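**Student:** Structure below; questions to follow.
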Amino acid sequence: MMREWENNVRKVVPYTPGEQPQDQRVIKLNTNENPYPPSPGFLQAAREWAGEELRLYPDPSAKVLVDAIAAYHGLQPEQVFVGVGSDDVLAMSFLTFFNSSKPILFPDITYSFYDVWAELFRIPYERPRLAEDFSIVPKDYFGENGGVIFPNPNAPTGMDMGLDMVEEILEHNRDVVVIVDEAYVDFGAESALPLIEKYENLLVVRTFSKSRSLAGLRIGYAMGSPVLIKYLNDVKFSFNSYTMDQPTICLGAKALEDEEYFQETLRKIINTREWAEKELRALGFESADSKANFIFATHKDHPAEKIYGLLRQSGIYVRYFDKDRIREHLRISVGTQEEMETLIRFLQENLSSI
Ligand code: PMP
């Protein structure tokens, strides 16, 4: 029975994040974290963090971090918005920009937080179907809508879209905000960042969680025209002025300094990804070429759920989505070369028993 007051509760089906097992021995390939530590410069600064400043509220404008991100990308600080992970930035963006009575558009197979935010904020939405090969079909986004969002590369497919196709979508969407979620762009896709100078209605969202090995710190950011960023800040400051804590603001700025380490980490992950894709294909898996730090693979003979269960029992965690069109796929984050060799060896020895 529903109690009377429950009629007025905002009811939502929450997003389910991947598991975070406490057992350190698990080979964790389920939440697209970076298997390598944050940069040595960042770790040094974190060790030296004194803590006395925590008596004070953090800088609500997060200036040190905003300035560092702007300088890194050759932008003005007025073109940068920061938040507690890109989830926070994306949620704020939904709240700020998607207020039309027309539906917003995002692919049927994509980051599964988008429909959760749309439901939470009561934004109507439609999900154009990816092509059979899981690529995004740009013309599906040309019709009237209340806004557009897609990741590039897409998740969980790992497939990228060329900049020409991204621009085609922008060309057909001059009157709504278009958000490109570039959580994984550093692993090999082309960024839409240069287009923010040309399209005032384009917001490019990035994160420190994947390529910068800082999922635990929680930093995400958006880049766009000063007018878009101002609207975002107005909503953010109407919600909570102090979303980012002071250590994160200061240490986050440090994380952008060590370019050589950053590039070397990316190179290692990309090399391991390409090696693992080849090995998985030799074992009968099929996958599109990934441009992210994960591989989205299906096996022609063995059910994905069974493989997932067997791996899990053996302490290797990958992600399985019990959802239409993708329940025969596994999303496997790219770990260290050693971790991926363990995974491949395990599959070589056990796949036939499934
Ligand atoms: N966008 C996409 C496509 C993602 O896969 C993720 C990771 N779950 C995020 C955004 C959010 O990442 P974070 O909040 O750690 O920046």
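**Student:** Name every residue in region 30-42 that is at pLDDT 95 or above and either over 30 Å from E339 (Cβ atoms) or open to solvent by less than 60 Å² (accessible area, probe 1.4 Å) (or both), in order of residue number.
**Tutor:** Matches in region 30-42: N30, T31, N32, E33, N34, P35, Y36, P38, S39, F42.
**Student:** Please state which of the following conditions S191 fails to meet, knowing it meets all the rest: (1) more than 22 Å from the chain's Cα centre (by Cα); (2) surrounded by fewer than 19 Cβ atoms within 10 Å (Cβ to Cβ).
**Tutor:** Result: S191 fails condition (1) only.
**Student:** Take the residues in region 56-94 that are within 24 Å of P194 (Cβ to Cβ), within 14 Å of the ligand (Cβ to nearest atom) and not hydrophobic (A, V, I, L, M, F, W, C), then tell me which one is most open to solvent (accessible area, probe 1.4 Å).
**Tutor:** Going through the qualifying residues, I end up with S86.
**Student:** While we're looking at this one, here's another question. Just the residues that are open to solvent by less than 100 Å² (accessible area, probe 1.4 Å) and in a helix (DSSP H, G or I), please, taken from region 1-19.
**Tutor:** Hits for region 1-19 are E6, N7.
**Student:** Looking only at residues that are open to solvent by less than 10 Å² (accessible area, probe 1.4 Å) and of a type outside the set (S, T, N, Q) in region 162-173, which one is farthest from the ligand (Cβ to nearest atom)?
**Tutor:** L170
**Student:** Report, by residue number, each residue of region 210-233 that is within 16 Å of the ligand (Cβ to nearest atom), more than 17 Å from A68 (Cβ to Cβ) and touching a residue at least 12 places away in the same chain (Cβ under 8 Å).
**Tutor:** Once the filter is applied, which keeps residues that are within 16 Å of the ligand (Cβ to nearest atom), more than 17 Å from A68 (Cβ to Cβ) and touching a residue at least 12 places away in the same chain (Cβ under 8 Å), region 210-233 yields K210, A215, L232.
**Student:** Of all residues in region 102-126, how many are in a loop (DSSP other than H, G, I, E, B) and either in contact (Cβ under 8 Å) with a residue 40 or more places away in the chain or in contact with a Phe, Trp or Tyr (Cβ under 6 Å, 6 or more places away or on another chain) (or both)?
**Tutor:** The qualifying residues number 12.
The values are calculated or read from the model by the stated rules, or taken from the named source; none is laboratory data. No experiment lies behind these values; they were computed from the predicted model shown. Note: ideal-geometry Cβ built from the backbone for every residue, glycine included; neighbour counts use all protein chains shown. Protein only, heavy atoms only, side chains kept; ligands, DNA and RNA dropped before computing areas. Shrake-Rupley method; radii C 1.70, N 1.55, O 1.52, S 1.80 Å.
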